[in-house]
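The values are calculated or read from the model by the stated rules, or taken from the named source; none is laboratory data. These numbers come from a predicted model, not from an experiment. Cβ sites come from the backbone with ideal geometry, for glycine too, and all protein chains shown count toward neighbours. For accessibility, only protein heavy atoms count, side chains too; no ligands or nucleic acids. Shrake-Rupley method; radii C 1.70, N 1.55, O 1.52, S 1.80 Å.
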Amino acid sequence: MASGRGWILQQHIRKAKKPGATSQTSSPSLPSETATLKIQHRSVPIPKFALEKKGPFVRKPMKNKQLMKTCQATYIESIPCEILMKIFSYLDPISLMLVGSVSKRFYELSKDNVIWYKVYIAHRKVNQRWSNTVNSLGEKISNTTVSDLQPGHWKRTYVRELTMTMEKKIIQIMKTVKRYSSSDTAISMEKAVRMSRLSWTITFVDVHGIETMIEQTSMHFRDSSLNVAWNCYLWPEFRSLTKLRLHGMTPVTDYCLKPVKNGLRRLSLIAEYDLRNKKDFGRYIGQDMHIKLFHLHPGLVVGLWKKSPAIAFVMGKLHYHQLLEKSFLGSADNAYIFPPHIPILDDIDPEYGLHGYQLHIDMYSGQRTYLCRIFRGLFCRKEYIHNGYLRMAAIGLLNNRAHVPLAGRVDFFWETLTISGSIQNCFMMDVTVIDEAETPFWCFSAPVQLCESKSSETLYDFMGQSFDLNYKDDIGKVHAELMWIKEAEEYHVINLVLYLNTEKVNSHFGTNYTDSPVD
């Protein structure tokens, strides 16, 4: 029986080989590995898996667009290295760096020393200050061959020269920034940022180590801080995030070339935040019908959607104090380490470090300013040092003339690319504390919330609902009491007290103050 079946099969095969046989009675045999499909007189290989019967895709040929892409990729890979090197020799430095990110082959070819040596020499000839060193460098190179060096040597040298030139320019720009003793700090800071083309980015890292970088969408300069916003349509999944990094980004380009969007850039780490513990995600500020607001110390405000734990927006509140140093002088993985503070001792003044303070406070949200005041001549007596803090009153509770109103209702304004809103009784607060030598002692920018006061004390001059405002970090505390005046529909600040950490004061001035005994 087996031989009978074999004889019948042989008859079918012979009939299929005869000329004029139709596809209904027989089917042509296919090669075991690949077949060819002719399109426009060109044979394109079809892989074996495309011909196997798996699911609904049974012998489905590739589309013309996919075939054209495959042909183009194969054609580029088949170009000899000599032709590619000739093409690369006509590119400018920025385009040459971008070509290196196409593939591994392009990356290795784009590091050629001969090409980068010409770029390096051309860069030096443009700079007239280095004209004397070009001749000596040419004599030194003529005795050896460029190819003897490791691949990428002159590329690294060129980038190092650009980085050094950029750092010198940045140092000159930083010297032009006026410090907090002047009222033109915001103007000089904005000028420095524009000249250096400085911007800020945030980078999310998930559990798989995948990094997502988002560049800023807008920024606004205020008297003592910079407001930066990041908005996009597709945020990374919040549950899978482990880290969040804030960087200052500066383009590294030759001054004779026009800057491009995807050119060489230098990153400086400002802060890194741990997002693994979602239950303790920053400091809760407030909420409305759409979002919940959180503060990541230092400098970031994150809004999360209420219906699902997803990111709605990210805002940066960056105080001007040491902002340029943090944004310029650090590296991509490490923040800039400031030199240790050396206190200036004063043995003549018995209360050195207890007086001569100046407080600049700014309460605002978006473009709206609620309160902007400067309080000078703040001091603390030794008997007022309690619980590790120096107490300084900027607005006294019983001094009615010092009470100041806030301009209208206070709200925290937020917006995304699609919707916007506001959170009641929340706003931003910038605090700058300067000592008697006009040196910044405590500077921060953070969101705060007004909470209904639980104290039972009543004031005879004001009748209304009272609120408390509190902020605390490792340097000090700010406590304020506000009263809502219903007739005027505005808040009045009736008490504003500043607390400075005693250990920080002793470290800053070289003193040795301790808590006073309680009577």
Across (1) outside any strand (DSSP E or B); (2) touching a residue at least 24 places away in the same chain (Cβ under 8 Å); (3) open to solvent by 70 Å² or more (accessible area, probe 1.4 Å); (4) out of contact with any His (no Cβ under 8 Å at 6 or more places or on another chain), Ala407 clears everything bar (3)
So Arg376, is it among the basic types (Lys, Arg) and touching a residue at least 12 places away in the same chain (Cβ under 8 Å)
yes
Consider Ser327 carefully, then state whether it is modelled with pLDDT of 90 or more, touching a strand residue (DSSP E or B) at 6+ places or on another chain (Cβ under 7 Å) and closer than 30 Å to Gln424 by Cα.
no
Contacts under 9 angstrom Cβ, first residue in region 353-367 being among the acidic types (Asp, Glu), partner part of a loop (DSSP other than H, G, I, E, B), 6 or more apart:
Asp362/Arg222; Asp362/Asp223; Asp362/Ser224
Within region 202-223, tally of residues that are open to solvent by less than 60 Å² (accessible area, probe 1.4 Å), in a loop (DSSP other than H, G, I, E, B) and farther than 20 Å from Leu296 by Cα
2
Members of region 410-435 found to be within 17 Å of His321 (Cα to Cα) and charged (D, E, K, R), listed by number
Asp430, Asp435
Going by what's in this entry, would Tyr284 be described as at pLDDT 90 or above and either in contact with a helix residue (DSSP H, G or I) (Cβ under 7 Å, 6 or more places away or on another chain) or exposed (fewer than 15 other Cβ atoms within 10 Å of the Cβ) (or both)?
yes
Region 90-129, residues that are open to solvent by 60 Å² or more (accessible area, probe 1.4 Å) and not β-branched (Val, Ile, Thr):
Tyr90, Asp92, Leu98, Ser101, Lys104, Arg105, Tyr107, Glu108, Lys118, Lys125, Gln128, Arg129
Do any residues in region 152-175 that are closer than 12 Å to Lys111 by Cβ and open to solvent by less than 40 Å² (accessible area, probe 1.4 Å) have Cβ atoms under 8 Å from those of residues that are among the β-branched types (Val, Ile, Thr) and part of a helix (DSSP H, G or I), where the two are at least six apart or on different chains, and which pairs are they?
Trp154/Val119; Trp154/Val146; Tyr158/Val119
Only one of Glu489, Glu457, Glu438 is charged (D, E, K, R), under 30 Å from Ile344 (Cα atoms) and modelled with pLDDT under 95. Can you tell me which?
Glu438
Subset of region 322-345 (residues that are within 21 Å of Trp442 (Cα to Cα) and either part of a loop (DSSP other than H, G, I, E, B) or basic (Lys, Arg) (or both)):
Gln322, Lys326, Tyr336, Ile337, Phe338, Pro339, Pro340, His341, Ile342, Pro343, Ile344, Leu345
One residue from Ser453, Ser445, Ser422 being touching a residue at least 60 places away in the same chain (Cβ under 8 Å) and more than 23 Å from Gln358 (Cα to Cα)
Ser422
Within region 80-131, considering residues that are among the small types (Gly, Ala, Ser) and either modelled with pLDDT of 85 or more or not in a helix (DSSP H, G or I) (or both), the one farthest from Lys155 (Cα to Cα)
Ser103
Filtering region 332-347 down to residues that are under 16 Å from Asn512 (Cβ atoms) and either in contact with a Ser or Thr (Cβ under 9 Å, 6 or more places away or on another chain) or acidic (Asp, Glu) (or both), which residue is modelled with the lowest pLDDT?
Asp347
Would you pick out the residues in region 344-401 that are open to solvent by 70 Å² or more (accessible area, probe 1.4 Å), farther than 22 Å from His492 by Cβ and of a type in the set (A, V, I, L, M, F, W, C)?
Ile344, Leu345, Ile348, Phe379
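Residue-wise test of (1) open to solvent by 10 Å² or more (accessible area, probe 1.4 Å); (2) out of contact with any helix residue (DSSP H, G or I) (no Cβ under 6 Å at 6 or more places or on another chain); (3) within 17 Å of His360 (Cα to Cα).
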site: Ile475; (1), (2), (3): yes, no, yes
site: Ile485; (1), (2), (3): yes, yes, no
site: Glu489; (1), (2), (3): yes, yes, no
site: Asn495; (1), (2), (3): yes, yes, yes
site: His508; (1), (2), (3): yes, yes, no
Within region 232-250, the count of residues that are open to solvent by less than 30 Å² (accessible area, probe 1.4 Å), part of a strand (DSSP E or B) and not β-branched (Val, Ile, Thr) comes to 6
